[in-house]
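The values are calculated or read from the model by the stated rules, or taken from the named source; none is laboratory data. What you are looking at is a predicted structure, and each value in this text was computed from that prediction instead of being measured. Every residue, glycine among them, receives a Cβ derived from its backbone with ideal geometry; neighbour counts consider all protein chains shown. SASA here: full protein model, heavy atoms, side chains in, ligands and nucleic acids out. Shrake-Rupley method; radii C 1.70, N 1.55, O 1.52, S 1.80 Å.
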Amino acid sequence: MSSQTNQKQASLFTETLLQSRRNFLRKAGASTFSATTVALLAGCSTKLAMADSGSSANASVKQDIRILNTAIGAEHEAVAAYQLGAESGLLVPDVLKVAVKFQGHHKEHIDALSAAVTKLGGHAAAAKPKYNFPVSKLKKQKDVLEFAAGLERGAVSAYVGAIPVFDNRDLSAAAASILADEAMHWAVLRNALGLDPVPEAFYS
Amino acid sequence: MTPSKQNVLIKLRHLKPSPTSMVLSATLLSCLVLLTNTAHAGDPLTGKDIYNRCIGCHSFADNRTGPRHCNLFGRKAGTVQGFDYSDAMRNSKIVWNETTLDAFLKAPLQNIPGTIMGYAGVKNDRERADLIAYLKQASGSSECK
(Lines give C-alpha, C1' and ligand atoms only; values in the text may rest on other atoms or scores of the structure.)
Protein backbone atom coordinates (compact mmCIF):
# COMPACT_ATOMS: atom_id res chain seq x y z
CA MET A 1 0.00 0.00 0.00
CA SER A 2 1.61 3.27 -1.08
CA SER A 3 1.75 6.03 1.46
CA GLN A 4 0.20 8.25 -1.16
CA THR A 5 -2.94 6.12 -1.13
CA ASN A 6 -2.88 6.23 2.65
CA GLN A 7 -2.70 9.99 2.61
CA LYS A 8 -5.58 10.11 0.18
CA GLN A 9 -7.62 7.94 2.52
CA ALA A 10 -6.73 10.07 5.48
CA SER A 11 -7.80 13.21 3.72
CA LEU A 12 -10.99 11.50 2.58
CA PHE A 13 -11.65 10.88 6.25
CA THR A 14 -11.13 14.52 7.15
CA GLU A 15 -13.39 15.32 4.24
CA THR A 16 -16.07 13.10 5.82
CA LEU A 17 -15.76 15.09 9.02
CA LEU A 18 -16.79 18.16 7.07
CA GLN A 19 -19.38 16.52 4.85
CA SER A 20 -22.22 16.34 7.35
CA ARG A 21 -21.87 20.02 8.13
CA ARG A 22 -21.99 20.78 4.42
CA ASN A 23 -25.11 18.69 3.99
CA PHE A 24 -26.68 20.51 6.88
CA LEU A 25 -25.78 23.84 5.39
CA ARG A 26 -27.16 22.84 2.02
CA LYS A 27 -30.44 21.83 3.61
CA ALA A 28 -30.52 25.10 5.48
CA GLY A 29 -30.22 26.81 2.11
CA ALA A 30 -27.00 28.60 2.90
CA SER A 31 -25.68 30.16 -0.28
CA THR A 32 -22.45 31.46 1.19
CA PHE A 33 -21.48 27.87 1.63
CA SER A 34 -17.70 28.06 1.84
CA ALA A 35 -17.61 31.16 3.99
CA THR A 36 -19.95 29.56 6.49
CA THR A 37 -17.92 26.36 6.48
CA VAL A 38 -14.81 28.33 7.26
CA ALA A 39 -16.62 30.07 10.09
CA LEU A 40 -17.78 26.74 11.50
CA LEU A 41 -14.29 25.33 11.30
CA ALA A 42 -12.98 28.40 13.06
CA GLY A 43 -15.55 27.72 15.76
CA CYS A 44 -14.30 24.18 15.91
CA SER A 45 -10.71 25.29 16.43
CA THR A 46 -11.80 27.74 19.09
CA LYS A 47 -13.33 24.81 20.90
CA LEU A 48 -10.07 22.93 20.56
CA ALA A 49 -8.00 25.93 21.53
CA MET A 50 -9.75 25.89 24.89
CA ALA A 51 -7.94 22.61 25.41
CA ASP A 52 -6.75 23.45 28.90
CA SER A 53 -9.64 25.50 30.15
CA GLY A 54 -11.42 22.49 31.64
CA SER A 55 -14.69 23.21 29.83
CA SER A 56 -17.08 20.36 29.23
CA ALA A 57 -16.72 20.71 25.45
CA ASN A 58 -13.05 20.15 25.99
CA ALA A 59 -13.68 17.10 28.18
CA SER A 60 -15.66 15.48 25.37
CA VAL A 61 -12.93 16.22 22.82
CA LYS A 62 -10.42 14.61 25.15
CA GLN A 63 -12.65 11.59 25.56
CA ASP A 64 -13.00 11.28 21.77
CA ILE A 65 -9.20 11.35 21.50
CA ARG A 66 -8.90 8.55 24.08
CA ILE A 67 -11.44 6.41 22.24
CA LEU A 68 -9.66 7.03 18.92
CA ASN A 69 -6.27 6.18 20.39
CA THR A 70 -7.47 2.89 21.86
CA ALA A 71 -8.88 1.99 18.43
CA ILE A 72 -5.56 2.96 16.85
CA GLY A 73 -3.80 0.66 19.35
CA ALA A 74 -5.97 -2.27 18.28
CA GLU A 75 -5.37 -1.46 14.59
CA HIS A 76 -1.60 -1.45 15.17
CA GLU A 77 -1.91 -4.88 16.74
CA ALA A 78 -3.81 -6.13 13.67
CA VAL A 79 -1.08 -4.81 11.35
CA ALA A 80 1.55 -6.65 13.42
CA ALA A 81 -0.57 -9.83 13.46
CA TYR A 82 -0.92 -9.87 9.67
CA GLN A 83 2.82 -9.25 9.43
CA LEU A 84 3.41 -12.31 11.58
CA GLY A 85 1.02 -14.34 9.40
CA ALA A 86 2.60 -13.09 6.18
CA GLU A 87 6.10 -13.97 7.37
CA SER A 88 5.08 -17.34 8.83
CA GLY A 89 5.61 -19.20 5.55
CA LEU A 90 2.34 -21.02 6.30
CA LEU A 91 0.15 -19.17 3.77
CA VAL A 92 -0.26 -20.29 0.15
CA PRO A 93 0.33 -17.44 -2.34
CA ASP A 94 -3.35 -16.60 -2.94
CA VAL A 95 -4.11 -16.42 0.78
CA LEU A 96 -0.93 -14.42 1.38
CA LYS A 97 -2.13 -11.87 -1.17
CA VAL A 98 -5.41 -11.42 0.71
CA ALA A 99 -3.62 -11.17 4.07
CA VAL A 100 -1.34 -8.43 2.78
CA LYS A 101 -4.35 -6.60 1.36
CA PHE A 102 -6.20 -6.74 4.68
CA GLN A 103 -3.07 -5.56 6.46
CA GLY A 104 -3.03 -2.59 4.06
CA HIS A 105 -6.61 -1.74 5.07
CA HIS A 106 -5.64 -1.71 8.74
CA LYS A 107 -2.75 0.61 7.93
CA GLU A 108 -5.18 2.92 6.17
CA HIS A 109 -7.46 2.86 9.23
CA ILE A 110 -4.49 3.93 11.37
CA ASP A 111 -3.72 6.81 9.00
CA ALA A 112 -7.32 8.01 9.00
CA LEU A 113 -7.83 7.69 12.76
CA SER A 114 -4.45 9.31 13.46
CA ALA A 115 -5.33 12.23 11.19
CA ALA A 116 -8.51 12.70 13.23
CA VAL A 117 -6.57 12.65 16.53
CA THR A 118 -4.16 15.26 15.21
CA LYS A 119 -7.03 17.39 13.97
CA LEU A 120 -8.57 17.27 17.44
CA GLY A 121 -5.30 18.48 18.92
CA GLY A 122 -4.08 15.15 20.33
CA HIS A 123 -1.15 12.82 19.73
CA ALA A 124 -1.89 9.61 17.87
CA ALA A 125 -0.92 6.36 19.61
CA ALA A 126 2.17 4.66 18.19
CA ALA A 127 2.70 0.95 17.61
CA LYS A 128 4.10 -1.05 20.53
CA PRO A 129 7.65 -2.36 20.17
CA LYS A 130 6.39 -5.90 20.81
CA TYR A 131 3.09 -7.81 20.71
CA ASN A 132 2.23 -11.00 22.56
CA PHE A 133 0.89 -13.38 19.95
CA PRO A 134 0.22 -17.10 20.41
CA VAL A 135 3.09 -17.89 18.03
CA SER A 136 3.60 -21.45 19.27
CA LYS A 137 -0.01 -22.28 18.34
CA LEU A 138 0.38 -21.21 14.70
CA LYS A 139 1.43 -24.42 12.91
CA LYS A 140 -0.60 -24.42 9.71
CA GLN A 141 -2.50 -22.04 7.45
CA LYS A 142 -5.78 -22.79 9.23
CA ASP A 143 -4.29 -21.67 12.56
CA VAL A 144 -3.21 -18.36 11.05
CA LEU A 145 -6.64 -17.81 9.48
CA GLU A 146 -8.41 -18.61 12.77
CA PHE A 147 -6.10 -16.21 14.60
CA ALA A 148 -6.82 -13.43 12.08
CA ALA A 149 -10.57 -14.16 12.12
CA GLY A 150 -10.58 -13.79 15.93
CA LEU A 151 -8.90 -10.40 15.70
CA GLU A 152 -11.33 -9.17 13.04
CA ARG A 153 -14.31 -10.44 15.03
CA GLY A 154 -12.99 -8.60 18.08
CA ALA A 155 -12.47 -5.46 16.01
CA VAL A 156 -16.09 -5.52 14.86
CA SER A 157 -17.24 -5.58 18.50
CA ALA A 158 -14.75 -2.89 19.49
CA TYR A 159 -16.20 -0.52 16.87
CA VAL A 160 -19.77 -1.47 17.79
CA GLY A 161 -18.79 -0.37 21.31
CA ALA A 162 -17.01 2.81 20.22
CA ILE A 163 -19.59 4.22 17.81
CA PRO A 164 -22.19 5.16 20.46
CA VAL A 165 -19.68 6.85 22.79
CA PHE A 166 -18.06 9.37 20.46
CA ASP A 167 -19.23 12.87 21.25
CA ASN A 168 -18.57 13.94 17.67
CA ARG A 169 -20.97 12.11 15.37
CA ASP A 170 -18.65 12.50 12.41
CA LEU A 171 -16.26 10.21 14.27
CA SER A 172 -19.06 7.70 14.79
CA ALA A 173 -19.75 7.77 11.06
CA ALA A 174 -16.09 7.23 10.26
CA ALA A 175 -15.87 4.36 12.76
CA ALA A 176 -18.94 2.77 11.15
CA SER A 177 -17.20 2.90 7.80
CA ILE A 178 -14.18 1.10 9.29
CA LEU A 179 -16.45 -1.42 11.02
CA ALA A 180 -17.94 -2.36 7.65
CA ASP A 181 -14.48 -3.14 6.28
CA GLU A 182 -13.49 -5.27 9.28
CA ALA A 183 -16.78 -7.19 9.10
CA MET A 184 -16.00 -8.01 5.48
CA HIS A 185 -12.53 -9.25 6.45
CA TRP A 186 -14.09 -11.45 9.09
CA ALA A 187 -16.62 -12.90 6.65
CA VAL A 188 -13.93 -13.65 4.04
CA LEU A 189 -11.73 -15.33 6.66
CA ARG A 190 -14.67 -17.41 7.92
CA ASN A 191 -15.40 -18.43 4.36
CA ALA A 192 -11.77 -19.46 3.83
CA LEU A 193 -12.05 -21.56 7.00
CA GLY A 194 -15.10 -23.36 5.61
CA LEU A 195 -17.42 -21.68 8.14
CA ASP A 196 -20.70 -19.92 7.38
CA PRO A 197 -19.32 -16.48 6.43
CA VAL A 198 -22.33 -14.55 7.76
CA PRO A 199 -23.91 -16.60 10.55
CA GLU A 200 -26.19 -13.94 12.08
CA ALA A 201 -28.25 -10.84 11.34
CA PHE A 202 -26.92 -8.81 14.31
CA TYR A 203 -23.53 -8.43 16.00
CA SER A 204 -22.66 -6.84 19.33
CA MET B 1 -32.70 -15.69 20.12
CA THR B 2 -29.01 -14.74 19.75
CA PRO B 3 -27.49 -12.35 22.34
CA SER B 4 -26.86 -9.74 19.60
CA LYS B 5 -30.47 -9.82 18.52
CA GLN B 6 -31.60 -9.41 22.12
CA ASN B 7 -29.28 -6.46 22.36
CA VAL B 8 -30.79 -4.71 19.37
CA LEU B 9 -34.29 -5.28 20.70
CA ILE B 10 -33.36 -3.90 24.08
CA LYS B 11 -31.89 -0.77 22.52
CA LEU B 12 -35.07 -0.34 20.54
CA ARG B 13 -37.01 -0.35 23.80
CA HIS B 14 -35.52 3.06 24.64
CA LEU B 15 -36.82 4.67 21.47
CA LYS B 16 -39.61 7.18 22.00
CA PRO B 17 -42.86 5.84 20.57
CA SER B 18 -44.42 7.69 17.66
CA PRO B 19 -48.04 6.93 16.65
CA THR B 20 -46.90 4.77 13.73
CA SER B 21 -44.48 2.77 15.86
CA MET B 22 -47.02 1.92 18.54
CA VAL B 23 -48.03 -1.33 16.88
CA LEU B 24 -44.40 -2.33 16.52
CA SER B 25 -43.79 -1.46 20.18
CA ALA B 26 -46.60 -3.73 21.27
CA THR B 27 -45.04 -6.58 19.32
CA LEU B 28 -41.59 -5.84 20.70
CA LEU B 29 -42.94 -5.59 24.20
CA SER B 30 -44.19 -9.14 24.17
CA CYS B 31 -40.67 -10.28 23.26
CA LEU B 32 -39.05 -8.05 25.84
CA VAL B 33 -41.14 -9.30 28.72
CA LEU B 34 -39.53 -12.68 28.08
CA LEU B 35 -36.07 -11.11 28.09
CA THR B 36 -36.31 -8.98 31.20
CA ASN B 37 -34.81 -10.74 34.15
CA THR B 38 -33.15 -8.85 36.97
CA ALA B 39 -32.09 -11.51 39.47
CA HIS B 40 -30.16 -13.77 37.19
CA ALA B 41 -27.43 -16.16 38.31
CA GLY B 42 -24.73 -15.78 35.65
CA ASP B 43 -24.14 -18.65 33.25
CA PRO B 44 -20.43 -18.87 32.33
CA LEU B 45 -21.17 -20.88 29.18
CA THR B 46 -23.29 -18.06 27.70
CA GLY B 47 -20.77 -15.61 29.12
CA LYS B 48 -18.00 -17.15 27.04
CA ASP B 49 -19.93 -16.14 23.94
CA ILE B 50 -20.42 -12.59 25.26
CA TYR B 51 -16.66 -12.42 25.93
CA ASN B 52 -16.16 -12.50 22.14
CA ARG B 53 -17.00 -8.78 22.31
CA CYS B 54 -13.89 -8.21 24.40
CA ILE B 55 -11.32 -10.21 22.40
CA GLY B 56 -10.53 -7.32 20.07
CA CYS B 57 -8.63 -5.79 22.98
CA HIS B 58 -8.27 -8.39 25.75
CA SER B 59 -7.08 -11.91 26.38
CA PHE B 60 -6.69 -13.80 29.63
CA ALA B 61 -3.00 -14.60 29.23
CA ASP B 62 -1.48 -11.43 27.75
CA ASN B 63 -1.58 -7.66 27.89
CA ARG B 64 -2.85 -6.40 24.54
CA THR B 65 -4.71 -3.17 23.76
CA GLY B 66 -6.31 -3.83 27.16
CA PRO B 67 -4.77 -5.52 30.22
CA ARG B 68 -4.76 -9.30 30.74
CA HIS B 69 -7.76 -10.79 32.52
CA CYS B 70 -6.05 -13.65 34.38
CA ASN B 71 -6.52 -13.31 38.16
CA LEU B 72 -8.93 -10.41 37.71
CA PHE B 73 -11.06 -11.14 40.79
CA GLY B 74 -9.71 -9.57 43.96
CA ARG B 75 -7.19 -7.52 42.01
CA LYS B 76 -6.91 -3.76 42.44
CA ALA B 77 -7.88 -1.92 39.26
CA GLY B 78 -4.99 -0.66 37.16
CA THR B 79 -2.27 -2.83 38.67
CA VAL B 80 -1.20 -5.36 36.00
CA GLN B 81 2.54 -5.03 35.50
CA GLY B 82 3.66 -3.78 32.13
CA PHE B 83 0.29 -2.32 31.13
CA ASP B 84 0.05 1.41 30.52
CA TYR B 85 -3.23 2.33 32.27
CA SER B 86 -4.96 5.69 32.31
CA ASP B 87 -4.49 7.72 35.50
CA ALA B 88 -8.25 7.43 35.97
CA MET B 89 -8.07 3.63 36.18
CA ARG B 90 -4.89 3.59 38.25
CA ASN B 91 -6.36 6.04 40.79
CA SER B 92 -9.83 4.52 40.89
CA LYS B 93 -9.24 2.54 44.13
CA ILE B 94 -11.58 -0.13 42.77
CA VAL B 95 -11.09 -3.80 43.65
CA TRP B 96 -12.61 -6.11 41.01
CA ASN B 97 -15.46 -8.33 42.13
CA GLU B 98 -19.00 -9.09 40.87
CA THR B 99 -20.37 -5.75 42.07
CA THR B 100 -17.59 -3.49 40.82
CA LEU B 101 -17.38 -5.31 37.47
CA ASP B 102 -21.13 -5.03 37.06
CA ALA B 103 -21.00 -1.25 37.47
CA PHE B 104 -17.93 -0.81 35.25
CA LEU B 105 -19.02 -3.10 32.41
CA LYS B 106 -22.48 -1.53 32.26
CA ALA B 107 -21.02 1.88 31.35
CA PRO B 108 -17.21 2.04 31.51
CA LEU B 109 -16.91 5.73 30.57
CA GLN B 110 -19.46 6.85 33.18
CA ASN B 111 -18.15 4.51 35.88
CA ILE B 112 -14.53 5.65 35.51
CA PRO B 113 -14.48 9.02 33.69
CA GLY B 114 -11.17 9.32 31.87
CA THR B 115 -10.74 5.58 31.24
CA ILE B 116 -9.15 4.66 27.92
CA MET B 117 -11.49 1.69 27.49
CA GLY B 118 -13.51 3.39 24.74
CA TYR B 119 -16.41 1.01 24.84
CA ALA B 120 -20.11 1.68 25.42
CA GLY B 121 -20.60 -1.28 27.74
CA VAL B 122 -22.77 -4.38 28.07
CA LYS B 123 -26.17 -2.85 28.79
CA ASN B 124 -28.23 -6.00 29.25
CA ASP B 125 -28.25 -7.11 32.91
CA ARG B 126 -28.51 -10.77 32.06
CA GLU B 127 -25.67 -10.66 29.52
CA ARG B 128 -23.50 -8.84 32.05
CA ALA B 129 -24.21 -11.43 34.74
CA ASP B 130 -23.27 -14.23 32.30
CA LEU B 131 -20.13 -12.40 31.22
CA ILE B 132 -19.02 -11.81 34.82
CA ALA B 133 -19.65 -15.48 35.69
CA TYR B 134 -17.38 -16.43 32.78
CA LEU B 135 -14.71 -13.87 33.79
CA LYS B 136 -14.72 -15.34 37.29
CA GLN B 137 -14.41 -18.90 36.06
CA ALA B 138 -11.79 -18.29 33.36
CA SER B 139 -9.65 -15.73 35.22
CA GLY B 140 -9.09 -18.28 37.98
CA SER B 141 -8.66 -21.29 35.68
CA SER B 142 -5.54 -23.45 35.41
CA GLU B 143 -4.55 -21.55 32.23
CA CYS B 144 -4.07 -18.52 34.50
CA LYS B 145 -2.01 -20.16 37.24
Inter-label distance for A:K137 and A:L193, nm, one decimal - labels placed 7 Å from Cα along Cα-to-Cβ: 1.1
Simple spin-label estimate for A:E87/A:A126, 7 Å along Cα→Cβ, in nm, reads 1.9
Sequence-distant residues sharing a close amide H with B:D43 (under 5 Å, placed H): B:D130
Whole-Hz couplings from phi, Karplus 6.51/-1.76/1.60, listed for the stretch B:126-132; x for Gly and Pro: 5, 4, 5, 4, 5, 4, 5
Determine the shielding of peptide B:51-63 by partner chains: average, over its residues, the number of Cβ atoms on other chains within 10 angstrom of each Cβ. 5
Net charge, A:K128 excluded, C-beta distance under 14 Å - Lys, Arg +1, Asp, Glu -1: -2
Full-stretch length increase - A:A201, A:S55 - with 0.36 nm per residue and alpha-carbon distance subtracted: 48.5 nm
By accessible area (1.4 Å), largest first, A:L96, A:L171 order as A:L96, A:L171
For the stretch A:113-126, Karplus-derived ³J(HN,Hα) couplings (6.51, -1.76, 1.60; θ = phi - 60°; whole Hz; x for glycine and proline) come out as 5, 5, 4, 5, 4, 4, 4, 7, x, x, 10, 6, 5, 9
Long pairs among A:K101/B:K123; A:K139/B:K145; A:K97/B:K106; A:K107/B:K76; A:K130/B:K48; A:K107/A:K140, criterion Cα-Cα beyond 31 Å: A:K101/B:K123; A:K97/B:K106; A:K107/B:K76
